[in-house]
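Comments concern the structure below.
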Amino acid sequence: MPTTNAKTFSVKLDNEMRARIEHVAEARHRSPHWVMREAIQQYIDREMKREAFLQDAQKAWEEFRETGLHATADEVETWLSSWGTDNELPAPACHK
């Protein structure tokens with residue numbers, strides 16, 4: 001028997017949620033186990049990306065507070081509006 005690093009977690013679900021999981025599993029020709037693992041994986045991936053975004057935002061805020069360097073919303077909007085046009089502009093320079 002192959003060894004695995006997987007460990008079992010126990011989750012209590014009400015009857016309605018169990019029925020919904022079983023319905024999706026049947027519709028997708030998958031097991032309820034697969035549906036639950038997929039749902040958890042997608043949720044964790046999304047939350048990890050959210051956490052990374054928040055950490056990047058905090059880092060950017062701290063850098064701005066230290067240096068004062070920034071580009072205004074109007075400068076960025078003008079730049080973004082030029083994307084895909086014949087007159088595409090370079091990214092705005094940061095300034096104080």
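Quick note: the coordinates plus some simple rules give every number you see, no bench work behind them. Owing to the predicted nature of the structure, the values given are computational and were not obtained by experimental measurement. Ideal geometry is used to build each Cβ from the backbone, glycine not excepted, and the neighbour counts take in all protein chains shown.
Given the structure, is A6 surrounded by 10 or more Cβ atoms within 10 Å (Cβ to Cβ) and among the hydrophobic types (A, V, I, L, M, F, W, C)?
For A6, the condition - surrounded by 10 or more Cβ atoms within 10 Å (Cβ to Cβ) and among the hydrophobic types (A, V, I, L, M, F, W, C) - is not met.
So, A39, is that one among the aliphatic types (A, V, I, L, M) and not in a helix (DSSP H, G or I) or not?
no
Give the residues of region 14-73 that are surrounded by 12 or more Cβ atoms within 10 Å (Cβ to Cβ) and closer than 30 Å to P92 by Cβ, sorted by residue number.
E63, F64, H70, A71
May I ask you to verify whether D45 is free of Cβ contacts under 8 Å to residues at least 24 places away in the same chain, out of contact with any helix residue (DSSP H, G or I) (no Cβ under 7 Å at 6 or more places or on another chain), in a helix (DSSP H, G or I) and farther than 30 Å from F9 by Cα?
The answer is no for D45.
What number of residues in region 73-96 are outside any helix (DSSP H, G or I) and out of contact with any strand residue (DSSP E or B) (no Cβ under 9 Å at 6 or more places or on another chain)?
So the count comes out to 11.
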